[in-house]
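See below for the structure under consideration.
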């Protein structure tokens, strides 16, 4: 969820700020609107030009940091961004809030795990900024809708790119936004597997059976100590069948 929120912020935050400060000032609280207006006092450029200048400067510093040795590359990019931002604010070229917006955008872009996805989000940021500066929230929603339609038309290994969200595949949602435990994911993804069953159901771990403690064992022994043990009687042996006659008569007939 944090990575997904970082992806949305890195793409939409500059365009959202441009749209609000240009077209939708009534959505801001009065104190915040006054603070933004005071920060932009003396800045000769509109919000879109400010964001474009700062984004381009940060992209140049980022590319320069990639070409430098690893030990000093990151330090140079971070220190360079701080120096450039502070100098731009002191010179009255950009507002302090715009520097914060660009810094938040850069930080959230580093939270995206895939480098190729991060580059794509960096490229999509500029068209959304232009749409937000020209049409406001309507332009941002229009651009986001076009991006979603394009993603919905793509396929990867024969499967929809947005699967299992579009089309909706309920078993696949266990590993999409929130990951389910391993014992609950008994089905494999639909891509590249003939046998969809990963493991059998009912593998949820359970606590071990409770063993009686020494006190319980001692109490049980005291209860059974005075009970006499009854011996089991074995099967009785039957003697030979006696001939019919009187009882106790061992002799034969007189």
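The values are calculated or read from the model by the stated rules, or taken from the named source; none is laboratory data. Owing to the predicted nature of the structure, the values given are computational and were not obtained by experimental measurement. Every residue, glycine as well, gets a Cβ built from its backbone with ideal geometry; the counts of neighbours run over all protein chains shown.
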Would you check if there is a residue in the stretch 36-57 being more than 20 Å from residue 127 (Cβ to Cβ) and within 32 Å of the chain's Cα centre (by Cα)?
no
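Of the residues 128, 151, which is modelled with pLDDT of 90 or more and either surrounded by 15 or more Cβ atoms within 10 Å (Cβ to Cβ) or farther than 20 Å from residue 22 by Cβ (or both)?
Values: 151 fails: modelled with pLDDT of 90 or more.
Residue meeting the stated conditions: 128.
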Taking residue 94 as the residue in question, decide whether it is under 24 Å from residue 64 (Cα atoms), outside any helix (DSSP H, G or I) and touching a residue at least 24 places away in the same chain (Cβ under 8 Å).
yes
Inside the stretch 45-68, can you point out the residues that are exposed (fewer than 13 other Cβ atoms within 10 Å of the Cβ) and either at pLDDT below 85 or on the phi > 0 side of the Ramachandran plot (or both)?
63, 66, 67
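Does residue 84 satisfy the criteria of being outside any helix (DSSP H, G or I), within 29 Å of residue 42 (Cβ to Cβ), over 28 Å from the mean Cα position of the chain (by Cα) and in contact (Cβ under 8 Å) with a residue 12 or more places away in the chain?
Values: outside any helix (DSSP H, G or I): no; within 29 Å of residue 42 (Cβ to Cβ): yes; over 28 Å from the mean Cα position of the chain (by Cα): yes; in contact (Cβ under 8 Å) with a residue 12 or more places away in the chain: yes.
No: the conditions fail for residue 84.
Tally up the residues in the stretch 16-28 that are more than 25 Å from the chain's Cα centre (by Cα) and crowded, with 17+ Cβ neighbours inside 10 Å, please.
First pass over the stretch 16-28, keeping only residues more than 25 Å from the chain's Cα centre (by Cα): 17-28.
Remaining after also requiring crowded, with 17+ Cβ neighbours inside 10 Å: 17-21, 23.
Result for the stretch 16-28: 6.
If you check residue 253 against the conditions, is it over 30 Å from residue 11 (Cα atoms), in a loop (DSSP other than H, G, I, E, B), at pLDDT 75 or above and more than 25 Å from the chain's Cα centre (by Cα)?
Criteria not met by residue 253.
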Reported set for the stretch 145-166 where residues are within 20 Å of residue 3 (Cβ to Cβ) and assigned to a loop (DSSP other than H, G, I, E, B) is 161, 162, 163, 164, 165, 166
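Residues are listed down the side, and each one gets a yes or a no for (1) assigned to a loop (DSSP other than H, G, I, E, B); (2) within 22 Å of the chain's Cα centre (by Cα); (3) surrounded by fewer than 15 Cβ atoms within 10 Å (Cβ to Cβ):
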| residue | (1), (2), (3) |
| --- | --- |
| 133 | no, no, no |
| 143 | no, no, no |
| 168 | yes, yes, yes |
| 177 | yes, yes, yes |
| 183 | no, yes, yes |
| 195 | yes, no, yes |
| 199 | yes, no, yes |
| 202 | yes, no, yes |
| 205 | yes, no, yes |
Quick one: would you say residue 56 is free of Cβ contacts under 8 Å to residues at least 24 places away in the same chain and within 15 Å of residue 14 (Cβ to Cβ)?
yes
What are the residues in the stretch 147-193 that are touching a helix residue (DSSP H, G or I) at 6+ places or on another chain (Cβ under 9 Å), without any contact (Cβ under 8 Å) to a residue 40 or more places away in the chain and closer than 30 Å to residue 127 by Cβ, if any?
147, 160, 161, 162, 163, 164, 165, 166
